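Have a look at the structure below before the remarks.
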Amino acid sequence: MITNNILYIMKITGDLTFIYTDERSAELVFESLDVDNEDYLKSQLNGNKIEYNIDSEKLGTFLATVDDLIASEIVVEKIIEKTNHKN
């Protein structure tokens, strides 16, 4: 945004960590979501944790990315739970 010949640039950064009871669940979720998230955020698998770093210049984009990530994680987690209960 430019006001009075001054350029304002917004930079929004956030970290989100999902912690699982075991490394295998974390790995399954990480691999499932990694393809969908390639260009939108940085992700790292650390044992039973998945760490995400989200950067955006627009608040709406940042919030939409976080919302999509959480919604996708919930779906994958439910699939893992149902699969584990069948075995």
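Considering only residues in region 39-53 that are closer than 14 Å to GLY14 by Cβ and either of a type outside the set (A, V, I, L, M) or loosely packed, with under 14 Cβ neighbours inside 10 Å (or both), the one that is modelled with the lowest pLDDT turns out to be TYR40. Residues of region 16-38 that are part of a loop (DSSP other than H, G, I, E, B) and either at pLDDT 90 or above or over 21 Å from ILE79 (Cβ atoms) (or both): TYR20, THR21, ASP22.
Each residue in region 59-87 was checked for being at pLDDT 90 or above and assigned to a loop (DSSP other than H, G, I, E, B), and 0 pass.
Of all residues in region 54-76, which are within 19 Å of GLN44 (Cα to Cα) and surrounded by fewer than 16 Cβ atoms within 10 Å (Cβ to Cβ)? Within region 54-76, ASP55, ASP67, ASP68, ILE70, ALA71, SER72, ILE74 qualify.
The values are calculated or read from the model by the stated rules, or taken from the named source; none is laboratory data. Predicted model only: the values in this text are computed from it and were never measured. All Cβ positions, even for glycine, are placed from backbone atoms using ideal geometry, and neighbour counts span all protein chains on display.
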